[in-house]
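The values are calculated or read from the model by the stated rules, or taken from the named source; none is laboratory data. Note that this is a predicted model, so its numbers are computed, not measured. Cβ: placed from backbone, ideal geometry, glycine included. Neighbour counts: every protein chain shown. Ligands, DNA and RNA are excluded from the accessible area calculation, which covers all protein heavy atoms including side chains. Shrake-Rupley method; radii C 1.70, N 1.55, O 1.52, S 1.80 Å.
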Amino acid sequence: MTLFWSFDKLAWISPRPLLFVTGDHAHSRVFSEQAYAKASEPKELHVVDNAGHVDLYDRVNLIPWDKLQGFFDQHLSA
């Protein structure tokens, strides 16, 4: 695991559409912001108010369902 650095392979994913979702209190937010800065367009960073990292797994009222639905509708429609 110490040899894994996800930014090294970001070009494999980007320039496909990317949506980064993070909480404004998440300790991992910095990684989303760094990945967003390195990714090619199209890209979007969505910060959820009053949410930490784990909150976006199990506090379903904080998960931005509308944002996810809109992103997938836009970029995965046939």
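Odds and ends about this structure:
- Counted residues, region 27-51 - those being closer than 22 Å to residue 70 by Cα and among the β-branched types (Val, Ile, Thr): 2
- Subset tally (residues that are closer than 26 Å to residue 15 by Cβ and of a type in the set (Asp, Glu)) for region 43-78: 3
- Number of positions in region 34-78 that are farther than 15 Å from residue 20 by Cβ, surrounded by 14 or more Cβ atoms within 10 Å (Cβ to Cβ) and among the small types (Gly, Ala, Ser): 1
- Pairs, first open to solvent by less than 70 Å² (accessible area, probe 1.4 Å) in region 18-32, second assigned to a loop (DSSP other than H, G, I, E, B) and among the acidic types (Asp, Glu), C-beta under 6 Å, six or more apart: 24/49
- Search result, residues across region 33-68 that are free of Cβ contacts under 8 Å to residues at least 12 places away in the same chain and of a type in the set (Phe, Trp, Tyr): 57, 65
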